[in-house]
Amino acid sequence: MPRKSAAFLLYRLTGDRRLEVLIAHMGGPFWARKNERAWSIPKGEYTDEDPLLAARREFAEEVGEPVLTGETVDLGSFRQSSGKVITTFAAEGDFDPARFESNTFQMEWPKGSGRVREFPEVDRVEWTDPDRAAELLVKGQVPILARLRETLVARGVLDA
């Protein structure tokens with residue numbers, strides 16, 4: 001059975017009705033000097049849990065605050081090149097990146113040194129338009145942006 005992750009994509013509409021999404025730069029030494037393809041939608045693995053509850057939990061762990069929104073939209077599941085399946089939800093909301101605070105993880109670094117260090121799971125979050133997000137996100141998550149746009153157009157939230 002493939003590994004499963006649940007993700008929560010927060011979006012907002014600017015005053016001139018442009019769409020922005022909140023994305024997260026992955027933490028740790030591997031991603032520290034990378035920008036393009038080093039961003040993700042806040043997400044995390046789960047097993048026998050409701051995917052929406054897992055997505056909300058992971059968002060809170062990686063961003064530092066719970067998702068406080070109105071209606072949640074199920075964007076569906078997306079298979080990654082690794083075989084992992086990401087079930088993704090979205091909602092309109094706002095978040096001030098200055099309040100960002102991620103949980104941490106430990107790993108041996110440098111590899112083979114015997115030293116265990118602590119790193120943030122996410123080292124920063126940013127609001128950006130979907131076109132720029134498509135350049136920054138890991139490739140397997142880019143189709144999620146298209147699904148969000150399609151869903152918002154179909155609901156009359158965004159112009160086609």
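The values are calculated or read from the model by the stated rules, or taken from the named source; none is laboratory data. This one's a predicted model, so the numbers in the text were calculated from it and none came from an experiment. Neighbour counts run over all protein chains shown; Cβ positions are idealised from the backbone, glycine included. We work out accessible area using only protein heavy atoms, side chains counted, and drop any ligands, DNA or RNA first. Shrake-Rupley method; radii C 1.70, N 1.55, O 1.52, S 1.80 Å.
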Checklist entry - If the Cβ limit is 7 Å and pairs must be 6+ apart or interchain, which residue in the range 135-157 that is among the acidic types (Asp, Glu) pairs with which residue that is modelled with pLDDT of 95 or more? => result GLU135/GLU36
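Please go through the range 21-52 and pick out each residue that is free of Cβ contacts under 8 Å to residues at least 60 places away in the same chain and hydrophobic (A, V, I, L, M, F, W, C).
PHE30, LEU52
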Checklist outcome for this item: So the strands (runs of 3 or more DSSP E) completely within the range 40-111 holding 1 or more residues that are under 24 Å from VAL153 (Cα atoms) and open to solvent by 80 Å² or more (accessible area, probe 1.4 Å) are 72-79, 85-92
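Suppose the filter is of a type in the set (A, V, I, L, M, F, W, C) and surrounded by 17 or more Cβ atoms within 10 Å (Cβ to Cβ); does VAL116 pass it?
So VAL116 does not fit the description; no.
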Item to check | Neighbours by Cβ (under 9 Å, 6+ apart or cross-chain): first from the range 99-113, more than 20 Å from ALA24 (Cα to Cα); second of a type in the set (Lys, Arg) and loosely packed, with under 13 Cβ neighbours inside 10 Å | outcome: GLU108/ARG115; TRP109/ARG115
Checklist outcome for this item: Residue pairs qualifying under the 6 Å Cβ cut-off, at least six apart or on distinct chains, with the first in the range 71-85 being more than 15 Å from ARG149 (Cα to Cα) and the second being aliphatic (A, V, I, L, M) and in a strand (DSSP E or B), are SER77/VAL85; PHE78/ILE86; ARG79/VAL85
Checklist outcome for this item: Taking the range 14-39 and keeping residues assigned to a strand (DSSP E or B) and touching a helix residue (DSSP H, G or I) at 6+ places or on another chain (Cβ under 9 Å) leaves LEU19, GLU20, VAL21, LEU22, ILE23, ALA24, HIS25, TRP39
